[in-house]
Amino acid sequence: RLVWETADTVWTALGDRSDDVNWWTKRATLSSVWGAVVLYWLGDYSEGRADTRAFIDRRIGEVMQIEEVKARVRRSPLARALLKGPRRLLDHVKAPADTPRPDLPGSLATGDGPRPD
């Protein structure tokens, strides 16, 4: 939950205004990278944490490869046609409501409300 909240805080601070499936994919991608980096960092004893910095660079490179594939798909008429149905379904996925719910990911919980384990 804390990793998800960190990703949400980062995207929110960067001014993310997405309100569709991109809201979820941005946070899921950053959460997976962040989680992996933290675990790597905990075992990194290299000088100046150089190995962790290289690890981060590799993870960012992998995320950028995904973006390159997405761009190629957008340019391909065949791929666009094949993904028309799934895209329609994804168009119904929305970001959580503006009113944060402390029992759902995607917002920082405030107050003393229940927190799932």
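Only one of Ser31, Ser46 is under 19 Å from Arg1 (Cα atoms), at pLDDT 95 or above and small (Gly, Ala, Ser). Can you tell me which?
On the way: Ser46 fails: under 19 Å from Arg1 (Cα atoms).
None of the other options fit; the residue is Ser31.
Checking each residue in the stretch 77-96 for being open to solvent by less than 80 Å² (accessible area, probe 1.4 Å) and in a loop (DSSP other than H, G, I, E, B) picks out Asp91, Val93, Ala95, Pro96.
Where helices (runs of 4 or more DSSP H) sit wholly within the stretch 1-76, those with at least 1 residues that are closer than 23 Å to Pro96 by Cβ and open to solvent by 60 Å² or more (accessible area, probe 1.4 Å) occupy 2-13, 21-42.
The values are calculated or read from the model by the stated rules, or taken from the named source; none is laboratory data. The shown structure was predicted, so the numbers you read here are calculated from the model rather than taken from an experiment. Heads up, the Cβs are rebuilt from the backbone with ideal geometry, glycines too, and the neighbour counts pull from every protein chain shown. Side chains are part of the model used for accessible areas, which takes the heavy atoms of the whole protein and leaves out ligands, DNA and RNA. Shrake-Rupley method; radii C 1.70, N 1.55, O 1.52, S 1.80 Å.
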